[in-house]
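Heads up: the structure comes next, in structure tokens.
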Amino acid sequence: MKCHHCNKEMKYARGLKFNDYTLDGWRCFCGEIYFNPEQVQRVLLLNKLKKEVLRAKLGRNRSNLILRLPKDVEAALSLQEGEEVVLKVDKDRLEVIPA
Ligand SMILES: [Zn+2]
């Protein structure tokens, strides 16, 4: 990848600071930085979700209740079908933590 600022070849780098996150991207020695666009999308989505009150519907499959997560949550946390999550119950609260 070429730098748009000085037109030199940029180096791929890890651990670049973006908001409160560390992302991969390309760094030029002139100081220009391009972040990995997929990772930036995910951080922007996480920041958006942080400010929202999310609602999800409970469904039922035979005797089990099923928690249906919004698409944005799936994308922001990179959740996969069949993946295990950890559930924490505290009084009347339920926390779902990707394992
Ligand atoms: Zn440059």
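The values are calculated or read from the model by the stated rules, or taken from the named source; none is laboratory data. Values in this document were obtained by computation on a predicted structure and should not be read as measured data. Cβ placement follows ideal geometry from the backbone for every residue including glycine, while neighbour counts extend to all protein chains displayed.
Observations on the model:
- Residue tally, condition more than 30 Å from VAL96 (Cα to Cα) and in contact with an Asp or Glu (Cβ under 6 Å, 6 or more places away or on another chain), over segment 3-60: 2
- Selection of segment 26-83 for residues being within 16 Å of the ligand (Cβ to nearest atom) and not hydrophobic (A, V, I, L, M, F, W, C) yields ARG27, GLY31, GLU32, TYR34.
- For segment 1-20, the set of residues classified as in contact (Cβ under 8 Å) with a residue 24 or more places away in the chain and either surrounded by fewer than 15 Cβ atoms within 10 Å (Cβ to Cβ) or in contact with a strand residue (DSSP E or B) (Cβ under 6 Å, 6 or more places away or on another chain) (or both) consists of MET1, HIS4, HIS5, CYS6, MET10, PHE18, ASN19, listed by residue number.
- Boolean, ARG27 is assigned by TED's automatic domain parsing to the domain that holds LEU77 and more than 21 Å from LEU94 (Cα to Cα): no
One line per residue, one yes/no per condition, for (1) in contact with a Phe, Trp or Tyr (Cβ under 7 Å, 6 or more places away or on another chain); (2) modelled with pLDDT of 95 or more; (3) within 30 Å of ASN7 (Cα to Cα):
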position	(1), (2), (3)
ARG27	no, yes, yes
CYS30	no, yes, yes
GLU38	no, no, yes
ARG42	no, no, yes
LYS57	no, no, no
